[in-house]
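Heads up: the structure comes next, in structure tokens.
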Amino acid sequence: MQNNTFSTLFVGQNLIKLKEVDSTNNYLKELLSKSEPLPEGTAIMADNQFAGRGQQNSVWQTEVGKNISASIYLKPSALALNKQFYLNMAVSLAVSEALSHFIPQGIKIKWPNDMYYLNKKLGGILIENTLTGSSIKSSVIGIGLNINQEDFAEDISHKATSVFRILHREVQLEVIMEKLFVFMEKYYLILKSGKFSILHDIYLKRLYNFGISGFYKQGGEVFEGIIDGVEENGQLLMNVGGTQKLFNFKEIEFTHTK
């Protein structure tokens, strides 16, 4: 356990650094299951995460010591279950703003919470909530970002990128984590104050493909649509051939070709 002097009130003030772990989310959840309470804002950061997960158990590939594999513990206990997507918005905005500090143009949030630079994936988020009654007891926020990785596996090289590939130079991981903690706290406090419309409006402004025509795939069929918005429950609202349709997570795929 390590106390830090980040310019935050609580996020990242208790930072636990690990050489190697299966998953920072798993490690943090195991800590939470023990009797000793953890301070809110506790963060786990690993040099190597060998079993990192994305949404719905997809695998997150990362090169040792080159990228950010981290998890943050939050307690949004006042957030009702039917508003939990606002936590996703707050976290996505925090990560996108941290990245935009280093890459001023081109950072977007691909619904629901992937980080994109232009048309390539820069990172992803996995939020795991523990529920109690009709509210969230605790949240483990997993963040994976491609920072200094130069090369990617052949099957993902055409659709993945990194801060190094964009800026053509290395950036210290701790410098990016500092910004990540600052913006996480900023947007989390906006969430805690109940300013949901602010989160929703900024989220739409940063949403990949918002308001423009794009191609999507559902059940093997490719169709053209325009993203019109995101519902409070997280469903994607899309105009398809003049008809408004709603889509759930993983129900459609983003594609760049007809």
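Quick notes
- Selection status of Ile176, surrounded by 17 or more Cβ atoms within 10 Å (Cβ to Cβ), modelled with pLDDT of 95 or more, out of contact with any Asp or Glu (no Cβ under 7 Å at 6 or more places or on another chain) and assigned to a strand (DSSP E or B): no
- The range 140-173, residues that are under 18 Å from the mean Cα position of the chain (by Cα), free of Cβ contacts under 8 Å to residues at least 60 places away in the same chain and outside any strand (DSSP E or B): Lys159, Thr161
- Out of Asn146, Asn113, sole residue that is farther than 26 Å from Asn233 by Cβ and crowded, with 17+ Cβ neighbours inside 10 Å: Asn146
- Lone unmet requirement of (1) modelled with pLDDT under 95; (2) farther than 20 Å from Lys120 by Cβ for His256: (2)
- Residue pairs meeting the criteria (Cβ under 7 Å; at least 6 apart or on separate chains; first within 16 Å of Thr243 (Cβ to Cβ), in the range 207-233; second at pLDDT 95 or above and among the basic types (Lys, Arg)): none
- Hey, Arg169 open to solvent by 10 Å² or more (accessible area, probe 1.4 Å), touching a Ser or Thr at 6+ places or on another chain (Cβ under 6 Å) and either of a type in the set (Asp, Glu) or farther than 24 Å from Thr42 by Cβ (or both) or not: no
- Candidate set: the range 74-87, residues that are touching a helix residue (DSSP H, G or I) at 6+ places or on another chain (Cβ under 9 Å) and outside any strand (DSSP E or B); chosen: the one surrounded by the most Cβ atoms within 10 Å (Cβ to Cβ): Tyr86
- For the range 4-55, taking the residues that are touching a Phe, Trp or Tyr at 6+ places or on another chain (Cβ under 8 Å) and open to solvent by 50 Å² or more (accessible area, probe 1.4 Å), the one that is modelled with the lowest pLDDT is identified as Gln55.
- Within the range 164-188, being touching a helix residue (DSSP H, G or I) at 6+ places or on another chain (Cβ under 9 Å) and of a type in the set (A, V, I, L, M, F, W, C) holds for Ile166, Leu167, Val171, Val175, Ile176, Met177, Leu180, Phe181, Val182, Phe183, Met184.
- Among (1) open to solvent by 10 Å² or more (accessible area, probe 1.4 Å); (2) under 21 Å from Pro39 (Cβ atoms); (3) touching a strand residue (DSSP E or B) at 6+ places or on another chain (Cβ under 6 Å); (4) in contact (Cβ under 8 Å) with a residue 60 or more places away in the chain, the one test that Leu126 misses: (2)
The values are calculated or read from the model by the stated rules, or taken from the named source; none is laboratory data. Quantities reported herein were computed from a predicted structural model and do not represent experimental measurements. So basically every Cβ, Gly included, is an ideal-geometry build from the backbone, and we count neighbours across all protein chains shown. Calculation scope for accessible area: heavy atoms of the full protein, side chains included, ligands and nucleic acids excluded. Shrake-Rupley method; radii C 1.70, N 1.55, O 1.52, S 1.80 Å.
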